[in-house]
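> Take a look at this one; I'll ask things after.
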Amino acid sequence: MATGKVRTSSFSKNFSAAPTSSVPGLKYGPNGTIFLSSGIPDLDKILGGGFHLGSMVMIMEDTEAPHHMLLLRTFMSQGLVHNQPVLYASPVKNPRAFLGTLPTTLVPKDDKSRNTDAEQKDLRIAWQYKKYLGENKQHNEERDGKIEYCNEFDLRKPIEKHLITGNRVECFSLLDCSNLVGFRDSCSKFISQFPKYDGNITRAGRIAIQSFCAPQCDYYDKEWDMLSFIRSLKSMVRSSNTVAFLTFPPSLLSPSMSKRLQHLADALLSVKAIPDEDKELATLLTGYQDMLGLLSIHKVSRFNTQVPVILDATTYSIKLQKRRSLVLECLNQAPVDGSSGSSYGTSASCGSSSKAGALDF
């Protein structure tokens, strides 16, 4: 008896089973999409898996606090831990000095106890010989035989030196270019190492650009050159296995220029500092004293789908867990009467209070 063949309509597309990724730091999602870890487990969960491979991610800076640097550092460190080449650009004379501020992976207490025996054995190896072994070994955090997709990072300890040596990180100073032509060529050369093709992915890269529209750059007043560069970079990234992570200060740009940059972003986020003594905000939110700042998500990238992404919340608090790792939490509204009790896990809400006001309803 002949076996029946599965029939599909002319409007459906046949998708083969999603291949398993052998590249650390990558994860397959729905509709043939591939995610690259942001370096923050909570942010990966909020975005549905991380940053889409081939996307342009933009972070709007706050001029009062460098909270965007926390996201940039974890993004770069996650790539180095997974042996993914990184191109870093910054408006400073020596951008390579920034690599010493990247955080290292946070080792749980259970893993420390397991590694005590191995460390004792390593003490019998000469320190110089052990140094050469550390430079050549592949640095991937594993648990139960599986490579971690996203790691937690200890912001108090710097990353190991052997991860930032060699050709793993390419640094570029934005002060050396006047019209962004040289930087565009450097990005094109870097992206050409990660061509996109059907089948299993062999390599993935990361591009990290800090304070792209900084006033100290010679191209600061050339809005058309900056927009032309962003369009070219987005086109090159979209046709490759890379992710571009770019931060810019919107308050230092014209409103029209800021809107154009936001429109070009596939994923758009912003950070904002919290005043040290804001009594009104302290009474509204629980855990106000532990907050470093606020992270807002304005746009989530959508690939291979027309279904909009609906988030549970759009604004999250940035906190440090045990003063080490970065965590994101929903804003919790404090009880109105100031008594103890459960709070509301929503990003914003309206409610009545004991005092009548114009906004109460």
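> Normalising by the residue count of the range 17-105, find the relative contact order in percent from Cα pairs under 8 Å and 6+ residues apart.
On the way: 84 pairs, mean separation 19.6, N = 89.
Across the range 17-105, relative contact order equals 22 percent.
> When only the heavy atoms of the protein chains count and the probe is 1.4 Å, how do 174, 294 rank by accessible area, highest first?
Largest accessible area first, the residues go 294, 174.
> What is the set of long-range amide H partners of residue 293 at a cut-off below 5 Å, with H atoms built 1.01 Å from backbone N?
HN-HN under 5 Å from residue 293: 318.
> Per residue, how many Å² of accessible area does the range 169-267 show with a 1.4 Å probe? Don't skip to the answer; put the middle values down first.
On the way: 4280 Å² over 99 residues.
Solvent-accessible surface per residue comes out at 43 Å².
> Quick one: accessible surface of residue 318, probe radius 1.4 Å, all protein chains present, in square angstrom to the nearest 10.
Counting only protein heavy atoms, the figure is 10 Å².
> On to the next question. Beyond 15 Å, what share of the Cα-Cα pairs of the range 174-232 is found? Please give it as a whole percent.
On the way: 951 of 1711 pairs.
Of all Cα-Cα pairs in the range 174-232, 56 percent lie more than 15 Å apart.
> While we're looking at this one, here's another question. Which ³J(HN,Hα) values, rounded to whole Hz and listed in residue order, are derived for the range 23-28 from phi using the Karplus coefficients 6.51, -1.76 and 1.60 in 6.51 cos²θ - 1.76 cosθ + 1.60 with θ = phi - 60°, glycine and proline given as x?
For the range 23-28, the Karplus-derived couplings read 8, x, x, 10, 9, 7 Hz, x marking Gly and Pro.
> How long are the semi-axes of the equivalent ellipsoid of the range 200-322, defined as square roots of 5 times the Cα gyration tensor eigenvalues? Whole Å, largest first.
Semi-axes, largest first: 30, 21, 15 Å.
> Sticking with this structure for a sec: Report, by chain and number, residues whose modeled amide H sits under 5 Å from the one on residue 104, excluding near sequence neighbours (fewer than 5 apart, same chain).
The answer is 154, 157, 159.
> Leaving ligands and nucleic acids out of the surface, order 181, 169 by accessible area at 1.4 Å, largest first. Intermediate results must be reported in sequence, preceding the final value.
Values: 181 65, 169 5 Å².
So, going from the largest accessible area down, we get 181, 169.
> Karplus couplings for the range 302-316 from phi (6.51 cos²θ - 1.76 cosθ + 1.60, θ = phi - 60°), rounded to Hz, Gly and Pro as x?
Karplus-based 3J(HN,Hα) across the range 302-316 equals 10, 10, 6, 7, 10, 7, x, 8, 10, 8, 5, 8, 10, 10, 10 Hz.
> Using the C-alpha gyration tensor of the range 257-326, what are the square roots of 5 times its eigenvalues, in whole angstrom, with the largest one first? List each step's numbers first, then the result.
On the way: eigenvalues 165, 43, 30 Å².
They are 29, 15, 12 Å, listed largest first.
> While we're here: Just to be sure I understand the model, the point goes 7 Å from the Cα along the line to the Cβ. What's the resulting residue 262 to residue 315 distance in nm?
Output for this residue pair reads 1.4 nm.
> If you don't mind, there's one more thing I want to ask. Roughly how much of residue 291 is accessible, in Å² to the nearest 10, using a 1.4 Å probe?
20 Å²
> Follow-up. Need one value: the accessible area of residue 252 in square angstrom, 1.4 angstrom probe, rounded to the nearest 10.
Its heavy atoms expose roughly 70 Å² to the probe.
> For 276, 62, write out the residues from largest to smallest accessible area, computed with a 1.4 angstrom probe and no ligands counted.
Largest accessible area first, the residues go 276, 62.
> Once you have the Cα-Cα distance between residue 45 and residue 224, take 0.36 nm times their residue separation minus that, and quote the gain in nm to one decimal.
On the way: separation 179, 0.36 × 179 = 64.44 nm, distance 3.59 nm.
That works out to 60.9 nm of additional length.
> Kindly provide the trypsin sites (Lys or Arg not before Pro) of the range 32-114 that DSSP labels as loop, not H, G, I, E or B, and whose Cβ sees at most 10 other Cβ atoms within 10 Å. If you can, show how the numbers build up before the last one.
Values: sites: 45, 73, 93, 96, 109, 112, 114; in loops: 93.
Here the trypsin sites (Lys or Arg not before Pro) that fit, given the DSSP loop and packing criteria, are 93.
The values are calculated or read from the model by the stated rules, or taken from the named source; none is laboratory data. These numbers were taken from a predicted model, which means no experiment stands behind them. Cβ sites come from the backbone with ideal geometry, for glycine too, and all protein chains shown count toward neighbours. Please note that ligands, DNA and RNA were not included when accessible areas were found on the heavy atoms of the full protein model with its side chains. Shrake-Rupley method; radii C 1.70, N 1.55, O 1.52, S 1.80 Å.
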